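The values are calculated or read from the model by the stated rules, or taken from the named source; none is laboratory data. Note that the structure is a prediction, hence the values are computed from the model and not measured. Every residue, glycine as well, gets a Cβ built from its backbone with ideal geometry; the counts of neighbours run over all protein chains shown.
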2 protein chains.
Amino acid sequence: MHMKRKPLSVLATMIDALRTLPGIGPKSAQRIAYHLMQNDKEGAQRLGQSVLHAIQVLKHCEQCNTFTEHSICELCSDKQRDSKLLCVVEMPTDQIMLEQTLAYCGLYFILMGRLSPLNGIGPCEIYFNRLIHRATDGIVSEVVLATNFTNEGEATAHYLGQILKAQGLTVTRLARGVPVGSELEYVDAGTIARAILDRRLV
Amino acid sequence: MHMKRKPLSVLATMIDALRTLPGIGPKSAQRIAYHLMQNDKEGAQRLGQSVLHAIQVLKHCEQCNTFTEHSICELCSDKQRDSKLLCVVEMPTDQIMLEQTLAYCGLYFILMGRLSPLNGIGPCEIYFNRLIHRATDGIVSEVVLATNFTNEGEATAHYLGQILKAQGLTVTRLARGVPVGSELEYVDAGTIARAILDRRLV
């Protein structure tokens, strides 16, 4: 018998679309789809519309490269921030974490990734030229490298640091050391080694 | 200073809509939103459209009560199925699991829930009248109760069983016992007790 591939039903199409989300497997996709249809049609409406609206209007902030519906995002437009400080992070979520500390008052540049040659992510993919352009605007005097402390994040920081220093900028990196509230017994040796090397006068 | 509540940004609106999905917390919602915007605009388009389409066109199958875009779903329209057998399940996902076994050839009725008086879910909420109407169509002769083996599922099965038996129908329940492939040492006592009570002649 010749089998024709049947088109997916409306429900199956939705489950299929949910499955492609990161962290959502087939079972979760089913559960979410039935939940939306049975208990939360309003939420489904909101979800559908907000996603479609977002892909229509979101673009990159001209200054910091984050996603925003404006040409320049709210944080970059804030005159209260110290425009001499520029913090470079990998992802918008990193920026959110830094903002939650209330310990940083400067501006940001979001790379939207990290150098990862094995995955084909070179300087172009992390908007390297835009960062150089942004950092050499004559106002920024210090660049704080806040990429992750993973191998790729460290490599990215090293690479960016070399080039930004050559532009005459002060380049700093977030401090490494023992996490606040931790007991030495349970901290890994690499972190302690780093904390010894970077020990400070009290 | 008087603080006005700012309207959410487009991105925040999307993250908010994602957060209301079951099993998705604030961090996952952020991650999904940025993933869609950065790497998968096509997937985002598909997700938004399929969800909006689904809430527009999906309705309950007139026979089995599952979600479908037709008046009668594909499975209920299948002439190959044994229309004398009617299997009652709690959710469409349960039906999918039963179908995957390839061991059942009858039709289904989906309650879209289970009796749960404490949560305000009584017979009306599980489409009780529709089930009675469906089961007493003169064709169905056996109703297989396949609600879950939880307290609420068992109570639902007991309640439905009493009333369906009064209609002169043969009512059966899925067998309980030791799971296939399991070692007795690791099976809970309740299951083994049940398996002893329900032991069969070989």
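Observations, loosely collected:
- Pick from the stretch A:14-52, criterion among the β-branched types (Val, Ile, Thr) and farther than 17 Å from B:ARG19 by Cβ, ranking: farthest from the other protein chains (Cβ to nearest Cβ): A:ILE15
- In the set (1) surrounded by 11 or more Cβ atoms within 10 Å (Cβ to Cβ); (2) closer than 18 Å to A:LEU131 by Cα, A:ALA166 fails one condition alone, (1).
- The single residue among B:GLY23, B:GLY43 that is of a type outside the set (A, V, I, L, M) and on the phi < 0 side of the Ramachandran plot turns out to be B:GLY43.
- Within the stretch A:65-87, being among the charged types (D, E, K, R) and within 14 Å of chain B (Cβ to nearest Cβ) holds for A:GLU69, A:GLU74, A:ASP78.
- Single residue of the stretch B:100-113 satisfying the filter (of a type outside the set (A, V, I, L, M) and within 13 Å of chain A (Cβ to nearest Cβ)) that is nearest to A:GLN38 (Cα to Cα): B:GLY113
- Contact map, the stretch A:151-176: first residue touching a residue at least 12 places away in the same chain (Cβ under 8 Å), second residue of a type in the set (Ser, Thr, Tyr) and crowded, with 18+ Cβ neighbours inside 10 Å, Cβ cut-off under 9 Å, separation 6 or more or different chains; pairs are A:GLY153/A:THR147; A:ALA155/A:THR147; A:THR156/A:THR147; A:ALA157/A:THR147; A:LEU160/A:THR147; A:ARG173/A:THR147; A:LEU174/A:THR147.
- The single residue among A:GLU183, A:GLU125, A:GLU142 that is acidic (Asp, Glu) and at pLDDT 85 or above turns out to be A:GLU142.
- Restricting attention to the stretch B:150-189, the residues being farther than 22 Å from B:ARG114 by Cα and not in a loop (DSSP other than H, G, I, E, B) number 4.
- Answer residue from the stretch A:53-64, given it is at the interface with chain B (Cβ under 7 Å from one of its Cβ atoms) and surrounded by fewer than 18 Cβ atoms within 10 Å (Cβ to Cβ) and is nearest to A:GLU74 (Cα to Cα) among those: A:VAL57
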